[in-house]
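Peer 1: Pasting in a structure now, in structure tokens, and then I'll have a few things to ask.
No value in this document is a laboratory result; all are computed from the given coordinates. It should be emphasised that the depicted structure is a prediction, and the values quoted were computed from it without experimental measurement. Quick reminder, even Gly has a Cβ in these numbers, built from the backbone with ideal geometry, and neighbours come from all protein chains shown.
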Amino acid sequence: MNEASNPTSSPTDSAAVRLPDGRLIEFRRVTPDDRPLIVEGLQRLSATSSWRRFHMVRRRLSERELFDLTNPADPSRFALGASARFPDGRVEGVGIARYVRLDGAPATAEIAVTVVDDYQGLGIGALLLRRLAREARRRGVRRLSGSVMHENVPMLRLLERHARGIVRRVIAEHVAFEYPLLPA
């Protein structure tokens, strides 16, 4: 993938990469205008991908969840989206990464990364994770944490490859992880 934007720009600015097949993927902070892309993208997740992300098959988010995901004014939350732009002007949501600071531990944030099935395996999840980590570090977060089901091998591999210093603990059917955000 080739960066099509200024590499020194902030992750909250729009940045783009071109996939080997020529598709242009744009990365930028999620805003309320992205609600339709999120709703449509969730519909395009397979049952397996939905299960891996939500620990159940979900086809819609509540109004509260959509508001929390798209509200850029809340300093305890941040979401970064990836969308495909087509020559005919069509835009398709292809992935999202978000963090939510933990109550009582604002230097730690829980993360989630989701990429729709048609775009999995192309490096979009890795780009979302790296950009989210940079933005979190810039905003004072020092550790990212989360829980991944054992069967979510793609996410576990993504973390192993791209989360330097990750600490994993096995808890029942989940792998809890903590990812220290090392200085840039």
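Peer 1: Please give the FRET efficiency for PHE86 paired with ALA47, using the beta carbon to beta carbon distance and R0 = 22 Å, rounded to the nearest 0.05.
Peer 2: Working: r = 26 Å, r/R0 = 1.19.
Calculated value: 0.25.
Peer 1: Mind listing the long-range amide H neighbours of ALA16? Cut-off is under 5 Å, sequence gap 5 or more, other chains count too, H placed in the peptide plane at 1.01 Å from N.
Peer 2: ALA4, SER5, PHE27
Peer 1: In nm, to one decimal, how far is the ASP117 label point from the ARG157 one, both placed 7 Å along Cα→Cβ?
Peer 2: 1.7
Peer 1: At 7 Å along Cα-to-Cβ for each site, give me the label-to-label distance between ARG138 and THR31 in nm.
Peer 2: Reported label-point gap for ARG138 and THR31 is 1.6 nm.
Peer 1: Oh, and also: Counting residues in the range 2-141 as N, plug N into 2.2 N^0.38 Å and put the Cα Rg over that result. List each step's numbers first, then the result.
Peer 2: Numbers: Rg = 14.6 Å, N = 140, 2.2 N^0.38 = 14.4 Å.
Cα Rg divided by the expected 2.2 N^0.38 Å: 1.01.
Peer 1: Turning to a different aspect of this structure: Compute the convex hull volume of the Cα atoms of the range 82-184, divide it by the residue count, and report the result per residue in Å³ as a whole number.
Peer 2: Spread over its residues, the Cα hull of the range 82-184 gives 115 Å³ apiece.
Peer 1: Also, I was wondering about something else. For ALA126 and ARG64, what does the FRET efficiency come to when R0 = 30 Å and r is the distance between their Cβ atoms, rounded to the nearest 0.05? Don't skip to the answer; put the middle values down first.
Peer 2: Working: r = 30 Å, r/R0 = 0.99.
Efficiency, rounded to the nearest 0.05: 0.50.
Peer 1: What are the residues whose amide H is under 5 Å from the amide H of LEU102, where those residues sit 5 or more places off or on another chain and H is modelled from the backbone?
Peer 2: HN-HN under 5 Å from LEU102: THR108, ALA109, GLU110.
Peer 1: Here is a further query. ASN71 to ALA172: extension gain in nm, 0.36 nm per residue of separation minus the Cα-Cα distance?
Peer 2: 33.0 nm
Peer 1: While we're looking at this one, here's another question. Would you calculate a helix-derived [θ] at 222 nm for the chain, using -39,500 (n - 2.57) for each DSSP H run of n ≥ 4 and dividing by the full residue count, to the nearest 500?
Peer 2: -8000 deg cm²/dmol
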